[in-house]
1. Please list 366, 127 from largest to smallest accessible area, probe radius 1.4 Å, with all protein chains kept in place.
2. So what's the convex hull volume per residue for the Cα atoms of region 38-101, in Å³?
3. Sorted by accessible area with a 1.4 angstrom probe, largest first, how do 381, 318, 227, 397 fall?
4. Tell me the net charge near residue 216. Cut-off is 12 Å between Cβ atoms, residue 216 excluded, with +1 for each Lys or Arg and -1 for each Asp or Glu.
5. Step through the table entries 90/185; 90/191; 155/185; 28/191; 185/220; 7/90, compare each Cα-Cα distance with 21 Å, and write down the pairs that go over it.
6. How much area per residue is accessible in region 1-129 when the probe is 1.4 Å and only protein heavy atoms are counted (Å²)?
Amino acid sequence: MANRPLKLEFDGAHGARLAARLDLPPGKVRAFALFAHCFTCSKDIVAARHIAAALSAEGIAVLRFDFTGLGGSGGDFSSTGFSSNVEDLKLAADFLRKTYEAPQLLIGHSLGGAAMLAVAGDIPEARAVVTIGAPSDADHVLHNFNGSIEEIREKGAGEVTLAGRRFTIRSEFLDDLQAQSVREKTAELHKALLVMHAPLDETVGIDNATNIFVAARHPKSFVSLDTADHLLSAEEDASYAARVIAAWAGRYLDMGARETASEVKDGVEVQETGLGKYQVMVTSGAHRLLADEPVEVGGLDSGPSPYGYLSAALGACTVMTLRMYADRKGIDVERIGTRILHGKVHAADCEECSDDLKAHGGRIDRFERLISLEGDLDETTRQRMLEIADKCPVHRTLEAGAAVVTREVPSKT
């Protein structure tokens, strides 16, 4: 299972802070991808979420973000245009390049696909591009404005309704769209291309996919999305597209396991993310996890609390210790599990605690471990397994205590 997406921010083309999510695999990151959403959509649409999840399962980290003035990003949408979207994408790629690693895979949905074709040549590390329901010319979006174009031309700006929402569009936006030549950029791509389109797409006709495919050079592929709508709003359609992209991309990317700039070989590193009051990124080897506090105490609840991780350490160590013992003794236990309950109790009220702990007085930490053993085991074996659980190294550390040495080190910055 992939980690919960990491919330990030970076500066966009107009100086506004852009809201982003980075979907990280649970293990080593084998490559990075950049996703561009459709016109007036957001990074959290169904298609984006499914594609990010599918690629994460294959070891590909995915950065998806909201263009200026949309979703959680700052800025004024009416002051943006196709060119500024392209600049946002360049800055997103640069953010990945500086913070983690440049994206090898570029994925764009609808107008985001046209923008990816336009920007791909400026991201030299990119090896493959995927378009989903993309127009072959940027100004194709204009037909969705219906009769508003004349008003926008005459007054310099006007309101249009897209996907049930009202947006202010300026005449400069129209000029910018009409000045773009996506097909020319496609012909100069020199990268692997996957064109995905639904034949019944009523927003961007299938002829656009034909134009893109014909303009591109090999290697290029086309996959029909059959009865899907333009937004891939049905879960099964978004899931299908995600699986195809994940399978196709592996052929063209450098997918060798690698160490990224943020990998920590010795110990565990914990850094604030800058989001919320308490959210931190925990890095251990190639693994990245979020730790946080619950909403009721001011956190974002984006990951387990520190005591949640401590309980997880005890639980994981317990299950592993029991498995090692069962294998060594030839005990046929099918599955081992445990649930850890943690709380603060008065030492005098802890019936199971040792006399030494009770002598401390005051409140102490109490971990209750509920162990499940699946299999045809006799009572003697079950009792012995519970005794072995107490030999778990983390259990012993918690009971014996540990030395914690603190010292300051120079800042990385």
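The values are calculated or read from the model by the stated rules, or taken from the named source; none is laboratory data. As the structure is a computational prediction, the values presented were derived from the model and not from experiment. Positions of Cβ are backbone-derived with ideal geometry, glycine not excepted, and every protein chain shown enters the neighbour counts. Please note that ligands, DNA and RNA were not included when accessible areas were found on the heavy atoms of the full protein model with its side chains. Shrake-Rupley method; radii C 1.70, N 1.55, O 1.52, S 1.80 Å.
1. Details: 366 65, 127 115 Å².
The ordering from most to least exposed comes out as 127, 366.
2. Details: hull volume 5.5 nm³, N = 64.
Hull volume normalised by residue count: 86 Å³.
3. On the way: 381 35, 318 0, 227 110, 397 75 Å².
Ranked from most to least accessible, the order is 227, 397, 381, 318.
4. Numbers: positive: 183, 185, 191, 217, 220; negative: 184, 188.
Around residue 216, the surrounding residues sum to +3.
5. Working: 90/185 15 Å; 90/191 17 Å; 155/185 32 Å; 28/191 25 Å; 185/220 15 Å; 7/90 19 Å.
From the list (90/185; 90/191; 155/185; 28/191; 185/220; 7/90), the Cα-Cα distance tops 21 Å for 155/185; 28/191.
6. Details: 3770 Å² over 129 residues.
I get 29 Å² per residue for region 1-129.
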